[in-house]
Amino acid sequence: MAAFTYMLRCADGTYYVGSTRSLELRLHQHQSGEGATYTRERLPVELVWHEEHEHIGDAFNREKQVQRWSRAKREALIRMDYGALPSLSKKKF
């Protein structure tokens, strides 16, 4: 069964990352205020990125990975600027 990792841009400009088995249903839940508390307080939301996975566990693991990323790295992913991702992963001391 297919599963998805997705990213929403909230009305306040922040990003929300989640995973689901039904992307269409989950987007409807977020838009109608039935989704996560985080998005409920920041409506409307817009889908800006998603990725399909074969298993929900893979989608969940990817969700947790992207949640740890910086805003700049998330925005590179949204732009599909995969070449920028490694440099955005390096900590600057």
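The values are calculated or read from the model by the stated rules, or taken from the named source; none is laboratory data. Everything quoted here is computed from the prediction, not taken from an experiment. Methodologically, a virtual Cβ is constructed for each residue, glycine included, from the backbone with ideal geometry; neighbour enumeration extends over all protein chains shown.
Any chance the stretch 5-13 includes a residue that's out of contact with any strand residue (DSSP E or B) (no Cβ under 6 Å at 6 or more places or on another chain), outside any loop (DSSP other than H, G, I, E, B) and surrounded by 12 or more Cβ atoms within 10 Å (Cβ to Cβ)?
Looking for residues that are out of contact with any strand residue (DSSP E or B) (no Cβ under 6 Å at 6 or more places or on another chain), outside any loop (DSSP other than H, G, I, E, B) and surrounded by 12 or more Cβ atoms within 10 Å (Cβ to Cβ), one finds none in the stretch 5-13, hence no.
Of the residues that sit in the stretch 14-36 and are assigned to a helix (DSSP H, G or I) and more than 13 Å from the chain's Cα centre (by Cα), which one is nearest to TRP49 (Cα to Cα)?
Ranking the candidates gives GLU24 first.
Identify the residue in the stretch 34-69 that is modelled with pLDDT of 95 or more and of a type in the set (Gly, Ala, Ser) and, among all such residues, is surrounded by the most Cβ atoms within 10 Å (Cβ to Cβ).
Looking at residues that are modelled with pLDDT of 95 or more and of a type in the set (Gly, Ala, Ser), I get ALA59.
Being within 25 Å of LEU85 (Cβ to Cβ) and in contact with a helix residue (DSSP H, G or I) (Cβ under 9 Å, 6 or more places away or on another chain) is the filter here, so list the residues in the stretch 40-66 that pass it.
VAL45, LEU47, VAL48, TRP49, HIS50, GLU51, GLU52, HIS53, VAL66
Please give the number of the condition MET1 fails out of (1) in contact (Cβ under 8 Å) with a residue 12 or more places away in the chain; (2) within 15 Å of ARG74 (Cβ to Cβ); (3) not in a strand (DSSP E or B).
The number of the failed condition is (2).
Just checking, does the stretch 53-76 include any residue being within 16 Å of TYR6 (Cα to Cα), in contact with a Leu (Cβ under 6 Å, 6 or more places away or on another chain) and not aliphatic (A, V, I, L, M)?
Checked the stretch 53-76: at least one residue is within 16 Å of TYR6 (Cα to Cα), in contact with a Leu (Cβ under 6 Å, 6 or more places away or on another chain) and not aliphatic (A, V, I, L, M).
Return the residues of the stretch 44-93 that are closer than 12 Å to VAL17 by Cβ, in a helix (DSSP H, G or I) and of a type in the set (A, V, I, L, M, F, W, C); say none if nothing qualifies.
Residues satisfying the conditions are ALA59, PHE60, VAL66, LEU77, ILE78.
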